[in-house]
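Okay, so here's the structure we're looking at.
The values are calculated or read from the model by the stated rules, or taken from the named source; none is laboratory data. Note that the coordinates shown come from a computational prediction; the quantities given were computed from them, not determined experimentally. We place every Cβ from the backbone using ideal geometry, glycine too, and count neighbours over all the protein chains shown.
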Amino acid sequence: MTRPVAVLLSPVLPQPGGSGRALRAWDWLQELSASHEVHVWTAEAEAAGTAGQWPPGTLLWHGPADVRTPLPWQRRLGWLAPSLSVRWPGTVAHWQLPAESAPALSAMAAAIGERRVARLVVFRLYLHGVSDWLRARLVVNRAELDLDDWDSSTLASIAGTHWRMGRRVEAALALREAQQYRALEERVPRNYDAVWLAAPEDCAAFAGAGLRPNRLAAPAVTPTRSRAAAGLRMLFVGRLDYPPNQEAALLLATRIVPLLRQRLALPWTLTIAGARPPAWLLAQLHTTQGVEVVADASDLAPVYAASTVALLPLAGGGGTKLKTLEALAWGLAVVASPQAVRGLALEAGRHYLPARTPEEFVQAMLALQAAPQRVAALGAAGRIWAETAAKGAL
């Protein structure tokens with residue numbers, strides 16, 4: 001019997017061990033492939049050595065030539081007059097505009113032919129133009145929009161991150177872009193049969209939005225208990241071209257690490273791992289005593305396996321944080337800011353230790369130093385929570 005057709009439009013390649021967006025796209029792929037013939041279109045180019053990861057029967061369409069982003073003068077016009085985004089989304093910096101030829105999209109539409117698309121899942125608001133292009137050529141029974149988070153709120157938060165780091169121009173541009181997305185968020189979701197968000201707090205802002213939490217499977221082996229006696233091996237993981245992660249890394253290097261050097265008696269290390277770190281950030285981190293940098297690692301499993309505590313001093317961003325879920329799934333003791341645990345039903349003191357300021361982060365580490373058994377206890381409770389969440393039982 002022929003399976004119904006589903007289409008997933010994603011800005012990134014779905015991958016089980018990739019970035020936050022790649023992991024969320026992977027989760028969608030797993031759901032759709034259980035009962036559909038899935039066509040995945042992504043704006044990313046084909047990556048070598050990844051074809052064997054996808055479920056059998058999945059058809060991948062790599063379309064970097066299918067779309068273009070707005071030209072510089074169009075972006076500047078959008079920053080001057082954010083309200084233009086309603087009638088002209090091409091003024092929004094990250095909006096994906098379908099190209100005239102759109103070779104991969106055209107090939108995918110031809111492969112589907114006259115068959116109906118049972119489910120079209122559009123992952124991220126800025127792919128709405130690609131969705132419109134496809135819906136004009138195919139019969140779609142149900143169209144779903146996965147916002148993940150509210151881009152307007154996330155961009156406003158990023159504007160604050162830029163401001164705190166002294167980047168006044170970047171802060172102003174991010175705030176203007178937040179205004180553009182806010183205008184689009186009031187209109188575009190109405191074109192879909194379902195809208196999905198990752199955090200309960202975000203669902204409250206849109207009547208009818210469904211909750212689709214971020215989730216990931218726990219690794220098979222987590223040797224946290226055996227590692228605890230070897231000292232405090234601290235870890236921060238995040239894409240290092242993302243301003244909220246840059247701010248957190250700088251806070252660790254310039255405010256938290258100096259206090260740890262003064263006050264922690266147990267042996268300790270801090271690893272900061274992430275993709276695409278800019279040169280200026282690498283220079284700062286490499287000159288900070290006690291900090292090890294792991295840049296652009298293809299596999300972070302060894303880094304997680306060698307760590308005991310995740311330090312997550314995030315002050316910006318949106319949605320729910322997959323870095324927090326990964327740390328919990330790996331059985332690390334988590335010390336986290338309110339932003340890092342936003343949208344997650346975690347119990348402070350049981351699943352993680354709460355901290356806001358550098359002093360509070362240091363106090364949490366001193367508490368773990370005084371009671372090393374809490375490292376294993378927090379890690380075990382966090383992993384159980386992550387396993388339960390991955391099954392959708394929370």
Among the residues of region 339-356, is any among the aromatic types (Phe, Trp, Tyr), more than 30 Å from Pro16 (Cβ to Cβ) and out of contact with any Phe, Trp or Tyr (no Cβ under 9 Å at 6 or more places or on another chain)? no
Within region 27-44, the count of residues that are under 15 Å from Arg119 (Cα atoms), aliphatic (A, V, I, L, M) and either touching a residue at least 60 places away in the same chain (Cβ under 8 Å) or not in a helix (DSSP H, G or I) (or both) comes to 4
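Residue-wise test of (1) farther than 20 Å from Ala178 by Cβ; (2) assigned to a helix (DSSP H, G or I); (3) in contact (Cβ under 8 Å) with a residue 40 or more places away in the chain.
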{"position": "Trp61", "(1), (2), (3)": "yes, no, yes"}
{"position": "Leu77", "(1), (2), (3)": "no, yes, no"}
{"position": "Ser83", "(1), (2), (3)": "no, yes, yes"}
{"position": "Ser101", "(1), (2), (3)": "yes, no, no"}
{"position": "Thr154", "(1), (2), (3)": "no, yes, yes"}
Quick one: would you say Thr388 is closer than 19 Å to Leu211 by Cβ and surrounded by 22 or more Cβ atoms within 10 Å (Cβ to Cβ)? no
Which residues, counting only those in region 103-122, are touching a residue at least 60 places away in the same chain (Cβ under 8 Å), crowded, with 17+ Cβ neighbours inside 10 Å and part of a helix (DSSP H, G or I)? Ala104, Leu105, Met108, Ile112
Those residues of region 11-26 which are surrounded by 20 or more Cβ atoms within 10 Å (Cβ to Cβ), part of a helix (DSSP H, G or I) and not hydrophobic (A, V, I, L, M, F, W, C), in sequence order: Gly20, Arg24
For region 202-217: of the residues being under 17 Å from the mean Cα position of the chain (by Cα) and over 16 Å from Glu186 (Cβ atoms), which is modelled with the lowest pLDDT? Ala217
Residue by residue through region 180-196, note down the ones that are modelled with pLDDT under 95 and assigned to a loop (DSSP other than H, G, I, E, B). Glu186, Arg187
Which condition number does Leu312 fail, the rest of (1) within 30 Å of Leu175 (Cβ to Cβ); (2) surrounded by fewer than 24 Cβ atoms within 10 Å (Cβ to Cβ); (3) among the hydrophobic types (A, V, I, L, M, F, W, C) being met? (2)
Restricting attention to region 320-367, and to residues there that are among the β-branched types (Val, Ile, Thr) and farther than 20 Å from Arg233 by Cβ, which single residue is surrounded by the most Cβ atoms within 10 Å (Cβ to Cβ)? Thr320
Any residue at all in region 237-248 that's closer than 25 Å to Ala174 by Cα and in a strand (DSSP E or B)? yes
Evaluate region 265-277: report whether one residue or more is closer than 15 Å to Val362 by Cα, aromatic (Phe, Trp, Tyr) and either surrounded by fewer than 21 Cβ atoms within 10 Å (Cβ to Cβ) or in contact with a strand residue (DSSP E or B) (Cβ under 8 Å, 6 or more places away or on another chain) (or both). yes
Of the residues that make up region 32-49, is at least one closer than 19 Å to Ala143 by Cα, modelled with pLDDT of 90 or more, surrounded by fewer than 19 Cβ atoms within 10 Å (Cβ to Cβ) and not acidic (Asp, Glu)? yes
Filter pass, Ala171 being over 20 Å from the mean Cα position of the chain (by Cα), within 19 Å of Tyr242 (Cβ to Cβ) and in contact (Cβ under 8 Å) with a residue 12 or more places away in the chain: yes
When every residue in region 190-215 that is crowded, with 17+ Cβ neighbours inside 10 Å and out of contact with any Leu (no Cβ under 6 Å at 6 or more places or on another chain) is compared, the one farthest from Val86 (Cα to Cα) is Arg215
Evaluate region 127-137: report whether one residue or more is touching a residue at least 24 places away in the same chain (Cβ under 8 Å), in a loop (DSSP other than H, G, I, E, B) and either over 25 Å from Leu346 (Cα atoms) or in contact with a Cys (Cβ under 8 Å, 6 or more places away or on another chain) (or both). yes
Which of (1) surrounded by fewer than 13 Cβ atoms within 10 Å (Cβ to Cβ); (2) free of Cβ contacts under 8 Å to residues at least 12 places away in the same chain; (3) over 18 Å from the mean Cα position of the chain (by Cα) is the odd one out, the single condition Pro258 does not satisfy? (1)
Output the number of the condition that Asp296 fails; it satisfies all remaining conditions of (1) on the phi < 0 side of the Ramachandran plot; (2) in contact with a Pro (Cβ under 9 Å, 6 or more places away or on another chain); (3) modelled with pLDDT under 95. (1)
For Gly20, all conditions in the list (1) modelled with pLDDT of 85 or more; (2) within 22 Å of Thr154 (Cα to Cα) hold save one; what is the number of the exception? (1)
